Amino acid sequence: ALWERTVLTTAVAIRAQLAAIDSIDEPFETALAALVALRAPDQAWFVISTEFLLHSLRTPGLEERVERHRAFFRQELQNGVEALMAAEGRRPPDGLDVETFTQVMIAGHLGCQHLTATSRTGRTAPDIDLARAMLRALVAGCPRVDAAVDLTQA
């Protein structure tokens, strides 16, 4: 239930950012910053989600349920990334399609969670600066183009 609630809360936040696309300067970076603020990497969530994923891998039937939620989240995020890129006339970095770019974003966020949770500095507060820097780097890699962008092609 906790996992499901977290996925749904995040999906609602993505949709809210999309609803405000026309009223936001730099909607792509603004929306990603809002998402980072909502899902800031923190040690407690890292531990809970890691334990849950490990449990799901050992429990017949649970792995499929978790994967359905993960697929739902990936699709929601991908839909948001596509819309935000289109709103700014951006495209993914050369050689990547939106699906792969979305997975890179997720992997980057999970990496930030891991680094925050396993830091030897004793910090338990979210390291939101690292996550913001990671997303800024990803956004910077998405060039603006003048022509309409077909995001279905790599």
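The values are calculated or read from the model by the stated rules, or taken from the named source; none is laboratory data. Keep in mind it's a predicted model, so treat the numbers as computed, not measured. Note: ideal-geometry Cβ built from the backbone for every residue, glycine included; neighbour counts use all protein chains shown. The accessibility values were calculated without ligands, DNA or RNA, using every heavy atom of the protein model including side chains. Shrake-Rupley method; radii C 1.70, N 1.55, O 1.52, S 1.80 Å.
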- Task: Provide 29, 88 ordered by accessible surface of protein heavy atoms (probe 1.4 Å), highest first.
- Result: 29, 88
- Item | Two-site label geometry, residue 58 and residue 26: point separation in nm, points 7 Å out along Cα→Cβ | 4.5
- With DNA, RNA and ligands ignored, accessible area of residue 49 (1.4 Å probe; Å², nearest 10): 10
- Message: Can you order the peptides 99-108, 3-12, 78-87, 57-66 by their average number of other Cβ atoms within 10 Å per residue, highest first?
- Response: 78-87, 99-108, 3-12, 57-66
- Value of [θ]222 nm, deg cm²/dmol, for the chain, DSSP H segments ≥ 4, -39500 (n - 2.57) each, nearest 500: -23000 deg cm²/dmol
- Task: Report in % the part of the accessible area of the chain that belongs to carbon and sulfur, leaving out ligands and nucleic acids; probe 1.4 Å.
- Result: 57
- Message: From Cα pairs below 8 angstrom and at least 6 apart in sequence, can you work out the relative contact order of the chain, rounded to a whole percent?
- Response: 35
- Message: Over the Cα atoms of region 10-59, each weighted equally, I'd like the Debye log10 I(q)/I(0) at q = 0.26, 0.27, 0.32 Å⁻¹, rounded to two decimals.
- Response: -0.91, -0.94, -1.11
- By how many nm would the segment from residue 129 to residue 34 grow when fully extended, if each residue of separation counts as 0.36 nm and the alpha-carbon distance is taken off? 32.9 nm
- Item | Per residue, the convex hull volume that the Cα atoms of region 1-86 enclose (Å³) | 82
- Query: P(r) of the chain in 10 Å steps, Cα pairs, percent per bin?
  - Reply: 10, 38, 34, 15, 2
